[in-house]
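Participant: The structure that follows is given in the form of structure tokens.
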Amino acid sequence: MQRTEIIHALARTDYGAQINVKGWVRTRRGNKAVSFIALNDGSTIKNIQIVADIEKFDEELLKQVTTGACISVVGTLVESMGKGQTVEIQAQEIEVYGTADPETYPLQKKGHTLEYLREIAYLRPRTNTFGAVFRMRSQMAMAIHTYFQERGFNYFHTPLITASDCEGAGQMFQVTTMNLYDLKKNDAGEIDYSRDFFGKQTALTVSGQLEGELGALSLGKIYTFGPTFRAENSNTPRHLSEFWMIEPEMAFYDLNDNMALAQDFIQYCVRWALDKCQDDLAFLEQMYDKELTQRLRFVVENDFQRLTYTEGIEILKDAVAHGKKFEFPVDWGTDLQSEHERYLVEEHFKRPVILIDYPKEIKSFYMKQNDDGKTVRAMDVLFPHIGEIIGGSEREADYEKLKRRAEEMHVPMKDIWWYLDTRRWGSAPHSGFGLGFERLMLFVTGMQNIRDVIPFPRTPNNADF
Ligand code: 4AD
Ligand code: MG
């Protein structure tokens, strides 16, 4: 008999039909005469109820139908009398595929803490919460591809192993096949990378942008969507060592075009979540965050506030003058701390903010330099509860200016000469940005910790599973 996924079974009304469903037992309760089994197969957050008359089944078989066990059920689809469900299955045959010993199965009770579930991350997709989050994660990936594909962007694959440190922050994970127990050094005491696998020092990429720019300066509009790695020792609820980034890059876009795209893109993704993830959203809203859909709607319906870094600093200084206390000082030229970003977004403007024209000292070498000699055409999109969700800029298209800035910031020429060449032959104005996929996931799910929106989080001191 053909198996029906539970999401489809729940939508059926042809009562009396024979049906087969398969899945994992969430709970089993009942009395001496009848057992009620809540079954879930991951196709939806909703369980289907299986009703089993005890006398029809072998006692030993029913004993194996415990929380976590995997079973296949053949039965009759019937209209349900229970509240909150329309159909259930009157079971005729039950086959146990895999038992789950109640003494050892770790997901016995409902209501485990998220911290505990993180320790058993390999099992947590079986819970309602993580089922919802990971179904939504898959939906958001689809939203992203659909958005760009419908607008003529090319999905461009940039390398994960690279020699260039795009952000210049020295946070790269080295990739080597050299024997670390027996490292050969040259006469100057340096490691001889010419003996290494690629014949030079390599690392995992922190961003696909530099190669993405080559794509934009030939295909016109591209986007990347892949894993990125940062050996950044920050143990915060917003940082991962391995995260996914979406990086669109567009020829002939200036910073205004870039901002407009960033807003439209995020709004599209959030609208997708509202339209296509209703059951999962409703669950997360009820369990964790009563204002979730309200916040998502607000972002979809309102323009993001645009202002310069300098204006932002003035607002923050003004707040301090009126008694607002920050842990870190507010000074033109220093990077904004998350408390500053959150003040602008959550307290002052009460909406997403796009900050532009940052001091060049706190931004990367590739950003277009403004005529004031002090600032660059950077943009950060700041979100309520998240802080920075997007970082981007218009790119420096002038060869001499770019080269000088790279030298000033000590970016090794041997690693980026090919990137500079794009400015020698057919250079063009262009812009792009990077959206942190997990930061978007934090926003749309209302989860508080970035470790809870990726199936297998990698953070300092943790690479389990
Ligand atoms: O601001 P970032 O460092 O910008 C870049 O990498 C540019 N090359 C992007 C571009 O212009 N093409 O990172 C971009 C975004 C951040 O805004 C944040 O959302 C996310 O990536 N991000 C992280 N997400 C999780 N964990 C981390 N450690 C992250 N670091 C950055
Ligand atoms: Mg940034």
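Participant: Out of all the residues in region 407-417, is one or more open to solvent by 60 Å² or more (accessible area, probe 1.4 Å), part of a helix (DSSP H, G or I) and in contact with a strand residue (DSSP E or B) (Cβ under 7 Å, 6 or more places away or on another chain)?
Facilitator: no
Participant: Moving on to the next point. Can you find a residue in region 437-451 that is at pLDDT 95 or above, open to solvent by 10 Å² or more (accessible area, probe 1.4 Å) and either within 16 Å of ligand 2 (Cβ to nearest atom) or over 20 Å from the mean Cα position of the chain (by Cα) (or both)?
Facilitator: Scanning region 437-451, I find at least one residue that is at pLDDT 95 or above, open to solvent by 10 Å² or more (accessible area, probe 1.4 Å) and either within 16 Å of ligand 2 (Cβ to nearest atom) or over 20 Å from the mean Cα position of the chain (by Cα) (or both), so the answer is yes.
Participant: In addition: Can you pull out every residue in region 53-77 that is assigned to a strand (DSSP E or B) and open to solvent by less than 40 Å² (accessible area, probe 1.4 Å)?
Facilitator: Scanning region 53-77 gives Cys70, Ile71, Ser72, Val73, Val74, Gly75, Thr76, Leu77.
Participant: Let me ask another. Do you know which of the residues in region 142-167 that are open to solvent by less than 60 Å² (accessible area, probe 1.4 Å) and farther than 28 Å from Tyr366 by Cα is nearest to the chain's Cα centre (by Cα)?
Facilitator: Only one residue fits best here, namely Ala143.
Participant: Could you tell me which of the residues Gly170, Gly212 is among the small types (Gly, Ala, Ser) and open to solvent by less than 50 Å² (accessible area, probe 1.4 Å)?
Facilitator: From the options Gly170, Gly212, the qualifying one is Gly212.
Participant: Within region 291-322, take every residue that is part of a strand (DSSP E or B) and of a type outside the set (D, E, K, R) and give me the one that is farthest from Phe383 (Cα to Cα).
Facilitator: In this case the residue turns out to be Thr308.
Participant: Can you name the condition, by its number, that Gln294 falls short on among (1) open to solvent by 80 Å² or more (accessible area, probe 1.4 Å); (2) polar (S, T, N, Q); (3) touching a strand residue (DSSP E or B) at 6+ places or on another chain (Cβ under 8 Å)?
Facilitator: All conditions pass for Gln294, except number (3).
Participant: Inspect all residues belonging to region 380-398 and state whether any of them is in contact with an Asp or Glu (Cβ under 9 Å, 6 or more places away or on another chain), more than 23 Å from Met245 (Cβ to Cβ) and away from ligand 1 (no atom under 15 Å from the Cβ).
Facilitator: The answer is no; no qualifying residue exists.
Participant: Look through Ala260, Ala282 and report the one residue that is within 17 Å of Met447 (Cα to Cα) and among the hydrophobic types (A, V, I, L, M, F, W, C).
Facilitator: Ala282
Participant: Here are some residues: Met245, Met250. Which one is touching a His at 6+ places or on another chain (Cβ under 8 Å) and surrounded by 15 or more Cβ atoms within 10 Å (Cβ to Cβ)?
Facilitator: The match here is Met250.
Participant: While we're here: Out of (1) in contact with a Lys or Arg (Cβ under 8 Å, 6 or more places away or on another chain); (2) more than 15 Å from ligand 1 (Cβ to nearest atom); (3) part of a loop (DSSP other than H, G, I, E, B), what's the single condition that is false for Ile454?
Facilitator: Against the list (1) in contact with a Lys or Arg (Cβ under 8 Å, 6 or more places away or on another chain); (2) more than 15 Å from ligand 1 (Cβ to nearest atom); (3) part of a loop (DSSP other than H, G, I, E, B), Ile454 comes up short only on (2).
Participant: So, in region 173-198, exactly how many residues are in a loop (DSSP other than H, G, I, E, B), open to solvent by 40 Å² or more (accessible area, probe 1.4 Å) and away from ligand 1 (no atom under 16 Å from the Cβ)?
Facilitator: 16
Participant: Taking the conditions exactly as written (surrounded by fewer than 16 Cβ atoms within 10 Å (Cβ to Cβ) and not in a helix (DSSP H, G or I)), does Lys325 satisfy them or not?
Facilitator: Criteria met by Lys325.
The values are calculated or read from the model by the stated rules, or taken from the named source; none is laboratory data. Values in this document were obtained by computation on a predicted structure and should not be read as measured data. Cβ sites come from the backbone with ideal geometry, for glycine too, and all protein chains shown count toward neighbours. Areas reflect the complete protein model, heavy atoms only, side chains present, ligands, DNA and RNA absent. Shrake-Rupley method; radii C 1.70, N 1.55, O 1.52, S 1.80 Å.
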